[in-house]
Amino acid sequence: MTNPQTRTVVVTGGTGGLGLAVSAAIADAGYRTIVTWVLDREADQAREALGDRVELRRLDVTDPADAGALAAELDEGGGCWGLAHLVGGYLGDAPLGQMTPDQWRRQIDLNATSAAVMMGALVPGMARRGGGRVVAVSSRAALAPFAGASAYAAGKAALIALVHAASEEVKHQGVTVNCILPSVIDTPGNRAAQPDADTARWVAPADLAAVIAFLCSDAARAVTGAAIPVYGRA
């Protein structure tokens, strides 16, 4: 079994409410952990919370040039072992008749295109080296959509299909590709948006992080093409 310290895992969206927990779990597992960011305030928050346990990189996950540059850099130093893709976005209370084309495209870009761009940059190298792990974050809404979230649900459903297809492409090269389906994640943003909710039923970021860290490990070698519910009691 390879020492995790010789492996690099890229965590996209690793500076947000869920991301900080995932970044910490990946770093605690011994991986070199590269965390991407786009917002200055979130980068500052990550520096304060994670210190020098991770490496922060500014990266536009929807830009193939940005993703390709990171992949090329990592390939020069042993490559990328894992991608934990947490980037996404939620547009709620937007019925189709009121949604603009730009709002639709933005949701698809954040929830599906970003994953395709990052996987397209990093997965070929994993396949060439004979091993790797990809874990993306979809949503229960992809399977059980609700009114007003059509673009969000469609993007997350597209992500599940992308994971299934990508896993078929590289399963014989030792690369696993999976996604998890959270219900409501217990983050400050969700608490602010739903102040009267029973948050005890929500999923703790640390619990999701533990599942993601497992899926990045050698122990998860037999799991690929899976969309794994992590609902808590919500």
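Things worth noting here:
Residues checked against (1) part of a helix (DSSP H, G or I); (2) surrounded by fewer than 18 Cβ atoms within 10 Å (Cβ to Cβ):
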position: G14; (1), (2): no, no
position: L20; (1), (2): yes, no
position: A25; (1), (2): yes, no
position: G30; (1), (2): no, yes
position: E42; (1), (2): yes, no
position: D60; (1), (2): no, yes
position: G68; (1), (2): yes, yes
position: G79; (1), (2): no, yes
position: G88; (1), (2): no, no
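- Verdict on S217 being in contact (Cβ under 8 Å) with a residue 24 or more places away in the chain, more than 19 Å from I26 (Cα to Cα) and of a type in the set (S, T, N, Q): no
- The stretch 207-234: number of residues that are modelled with pLDDT under 95 and among the acidic types (D, E): 0
- Of all positions in the stretch 129-150, at least one carries a residue that is modelled with pLDDT of 95 or more, out of contact with any strand residue (DSSP E or B) (no Cβ under 8 Å at 6 or more places or on another chain) and over 30 Å from P101 (Cβ atoms).
- Checked against the criterion of being farther than 22 Å from V134 by Cβ, of a type outside the set (A, V, I, L, M, F, W, C) and more than 16 Å from the chain's Cα centre (by Cα), the candidates G51, G30, G79 yield just one match: G51.
- Flag if I108 is farther than 22 Å from G125 by Cα, touching a residue at least 40 places away in the same chain (Cβ under 8 Å) and either under 17 Å from the mean Cα position of the chain (by Cα) or part of a helix (DSSP H, G or I) (or both): yes
- Condition check for R58 on (1) under 17 Å from the mean Cα position of the chain (by Cα); (2) closer than 21 Å to P188 by Cβ; (3) among the basic types (K, R): one failure, at (2).
- Among the residues listed as A141, A158, A166, the single one being closer than 21 Å to F214 by Cα and assigned to a helix (DSSP H, G or I): A166
The values are calculated or read from the model by the stated rules, or taken from the named source; none is laboratory data. Keep in mind it's a predicted model, so treat the numbers as computed, not measured. Quick reminder, even Gly has a Cβ in these numbers, built from the backbone with ideal geometry, and neighbours come from all protein chains shown.
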